[in-house]
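Worksheet: the structure to be examined is printed underneath.
The values are calculated or read from the model by the stated rules, or taken from the named source; none is laboratory data. From a predicted model like this one, the values you see are computed outputs, not experimental measurements. Cβ coordinates were reconstructed from backbone atoms using ideal geometry, including for glycine residues, and neighbour counts include every protein chain displayed. Heads up: the accessible areas ignore ligands, DNA and RNA and are worked out on the full protein's heavy atoms, side chains in. Shrake-Rupley method; radii C 1.70, N 1.55, O 1.52, S 1.80 Å.
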Amino acid sequence: DDFDALLPGFKKGKGIEKNQSLEVSLQYSLSRLDDDTRALLPRLSVFRGGAFEDDLQEITQIDAGTWQSVRAQLVSWSLIRVEHLEGINPPFLRFHPTLAPYLARQIKADELDQMETRYWQGYYGLARFLYNSDTTNPHQARAIARMEMPNLRRALTLALGAGALDEAAIFAEVITKFLNFFGRWRERDEV
């Protein structure tokens, strides 16, 4: 979120040159993708830093066959990196840091509303799963929570914005629980 807030500032002063070179580089990489892939990419803008592949597919509703092509192109242009965690399948897809903020400027408002609803609802399901799994598989649950914490926190904000207070309370409880495990007490106090 801090990066998103700072991005407009990169268009002023000394940051303009670096921002322009990053944006030109990103635009070049995206221009090398086929048209069908580029049309689907704005759906990725809701995620923060990346996502586990199954959650990403469920939320974006990109069918499996199409996703394999999209994924291969994004990997080949270093726009996503596939990270395999021990004992966890599917992999985590880490985005290039400027990808989601750039794509956020391209998504249409009605599509964004739909994506954000599926996003917070999908992460609500993940939050409940993590809470319940922590007692039987704490290493995996905590590894997933660590990777998905930016998405869980954003989903909490979106749930609050949607007026889903019961779900938001569960999000807050799960996020606080895992931040305690990670020793991130200052962040916990902000939830």
Theoretical FRET efficiency, 1/(1+(r/R0)^6), r = Cβ-Cβ of Ala169 and Asp34, R0 45 Å, to 0.05: 0.55
field: Heavy-atom accessible surface of segment 55-111: percent carbon and sulfur, 1.4 Å
entry: 50 percent
query: Residues with amide H under 5 Å of Ile80's amide H, sequence separation 5 or more or different chain, H placed in the peptide plane at 1.01 Å from N; which?
result: Val75, His96
query: Of the trypsin sites (Lys or Arg not before Pro) in segment 58-120, which ones lie in a loop per DSSP and count no more than 10 other C-beta atoms within 10 Å?
result: Arg105, Lys108
- line: Treating only Lys and Arg (+1) and Asp and Glu (-1) as charged, each at its beta carbon, one finds that the chain has a dipole about its Cα centre, in Debye to the nearest 20, of 700 debye
- prompt: Nearest 20 debye, what's the magnitude of the dipole of segment 99-174 about its Cα centre given +1 on Lys and Arg Cβ and -1 on Asp and Glu Cβ?
  reply: 300 debye
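Under the definition of Cα pairs under 8 Å and six or more residues apart, what whole-number percent is the relative contact order of segment 107-171?
Once divided by the residue count of segment 107-171, the mean separation gives 38 percent.
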query: How much length is gained on full extension from Ala143 to Ser78, taking 0.36 nm per residue of separation minus their Cα-Cα distance?
result: 21.0 nm
statement: Regression test value, accessible area per residue of the chain, probe 1.4 Å, units Å², expected 55 Å²
